[in-house]
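Chemist: Mind looking over this structure? Questions follow.
The values are calculated or read from the model by the stated rules, or taken from the named source; none is laboratory data. None of these values were measured; they are calculated from a predicted model. Positions of Cβ are generated from backbone atoms using ideal geometry, with glycine treated the same way; all protein chains shown enter the neighbour counts. Side chains included, ligands, DNA and RNA excluded: accessible areas come from the protein's heavy atoms. Shrake-Rupley method; radii C 1.70, N 1.55, O 1.52, S 1.80 Å.
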Amino acid sequence: IKGFSKPKNSMTFYRIKSDNIKNRIRIGSIQTDSMEYYHSFGHTRDYILMPKNSVTFSSLNMAKGDCVEDCFIFNWENNLEFNLMKIEDGTNKVFKVDHPGLIIHTGNTYIEDDIMTIDFEMSAKNLDPFKTFSMSWLKDNNRKGIPMGYVFRRYKIDLKTEKVTFNDILAPEFNSYGFPMINPTF
């Protein structure tokens, strides 16, 4: 459309302190190419770790009145990225991951030496989470479980070399959608 400019998208993070919970203090923003979808993120005392999923969200479809489920855009050719923002000054560094995914829930996030460790519950088989349930499956008396394709995955980011590695902690074939609990001792 002539004269129409593409909207600018960003994710902005704020801090709220207990002495004045009505005052938001801006930490920083991350510019994005589209409306990114994220469900949870990790943080330490010094950093916010925001995953960029292989999924975006269409605000146009939402404005047209589409069902929320139809507003998600899955693009499994886009690999994950981790945005690491320093809470002190809002600076951001991007760490590239060599595979796509949809991160849903975050567990422990911590740094030892120069290695950031973060645990995610996520789609590793690149399935649309809205399509995993079906009425025919629910009515099947011989069903064995839902093949969700979700794993509990631990990523390690070497803050010096910028190398990202991972291993699957749990990867059951069925019924693998879950909620990690944060261990308060970390």
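Chemist: Just give me a number: lysine pairs in segment 1-126, eight or more positions apart or cross-chain, with C-alpha atoms less than 22 Å apart.
Modeler: Here the count comes out as 13.
Chemist: First compute the accessible area of segment 58-120 with a 1.4 Å probe, then give the percent of it belonging to carbon and sulfur atoms.
Modeler: Details: 1440 of 3160 Å².
With neighbouring chains kept in place, the figure for segment 58-120 is 46 percent.
Chemist: Net charge near residue 26: determine it from the other residues with C-beta under 15 Å of the C-beta of residue 26, scoring Lys and Arg +1 and Asp and Glu -1.
Modeler: Here the charged neighbours net out to +3.
Chemist: Multiply the residue separation of residue 139 and residue 68 by 0.36 nm, subtract the distance between their alpha-carbon atoms, and state the gained length in nm to one decimal.
Modeler: Full-extension gain reported as 23.1 nm.
Chemist: Subtract the Cα-Cα distance of residue 99 and residue 10 from 0.36 nm times their separation in residues, and report this length gain in nm to one decimal.
Modeler: Between residue 99 and residue 10, full extension yields 29.7 nm more.
Chemist: Of 99, 43, which has the most accessible area with a 1.4 Å probe, and how do the rest follow in descending order?
Modeler: In descending accessible area the options line up as 43, 99.
Chemist: At a 1.4 Å probe radius, which order do 37, 150 fall into by accessible area, largest first?
Modeler: Largest accessible area first, the residues go 37, 150.
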